[in-house]
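Report on one structure; see the data block that follows.
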Amino acid sequence: MASINTFTIVGNVTKDVELRHMPSGTPSATFTVAVDNVYFDRDGKKHEEADFIPVTTYGKQAENDAKFLKKGSTVAVMGRIRSWYKPAERKGGFNFEAERVQYLGKPNSNRAGGDAGQQQGPGNAEHDDWIRDYDNAEQGVRR
């Protein structure tokens, strides 16, 4: 019997990424992605909700996420779901472990505020440095 364990989400980062290091020294980043959920009930009334998905990345991807993702950044995340259970505490849950993170949108002068606001135009040194660093980091992840 074949098994499939994947998830794909697109949404906005709810707060700046937290970068930590595991005891082995491997970088680990955690962040939460807000994903909109819109549906209509039987009466045709529109309902809007948001799901908040905790995401974990490791290694070079984690370092890049901590560097490039900020609160409000739009991101697409693909990965696998891992469950956990602590019998002594009778609690459990799920971890969403990213295998691929794609940064969506363009950088702007108000990074702390996310992707809203005016985007920087070509020729801006800060903008060019960000794009160069981003491109170099993406090349490092794909190797």
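The values are calculated or read from the model by the stated rules, or taken from the named source; none is laboratory data. All of these numbers come straight from a predicted model, not from anything done at the bench. Quick reminder, even Gly has a Cβ in these numbers, built from the backbone with ideal geometry, and neighbours come from all protein chains shown.
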query = Just to be sure, is N95 more than 25 Å from Y39 (Cα to Cα), in contact (Cβ under 8 Å) with a residue 60 or more places away in the chain and either touching a Pro at 6+ places or on another chain (Cβ under 6 Å) or surrounded by 14 or more Cβ atoms within 10 Å (Cβ to Cβ) (or both)?
reply = no
Within the stretch 14-36, tally of residues that are more than 20 Å from R82 (Cα to Cα), surrounded by 10 or more Cβ atoms within 10 Å (Cβ to Cβ) and out of contact with any helix residue (DSSP H, G or I) (no Cβ under 9 Å at 6 or more places or on another chain) = 3
Lone qualifier among F68, F52 - being farther than 16 Å from Y103 by Cα and within 12 Å of the chain's Cα centre (by Cα) = F52
key: Selected residue (criterion: nearest to the chain's Cα centre (by Cα)) from residues of the stretch 80-104 that are assigned to a strand (DSSP E or B) and aliphatic (A, V, I, L, M)   = V101
key: Hits in the stretch 18-55 - residues which are more than 16 Å from S73 (Cα to Cα), in contact (Cβ under 8 Å) with a residue 12 or more places away in the chain and hydroxyl-bearing (S, T, Y)   = T26, S28
ask   = Taking the stated definitions as given, is A112 under 16 Å from V17 (Cα atoms) and modelled with pLDDT of 85 or more?
value = no
query = Can you pull out the strands (runs of 3 or more DSSP E) entirely within the stretch 2-58 that have at least 2 residues that are at positive phi?
reply = none
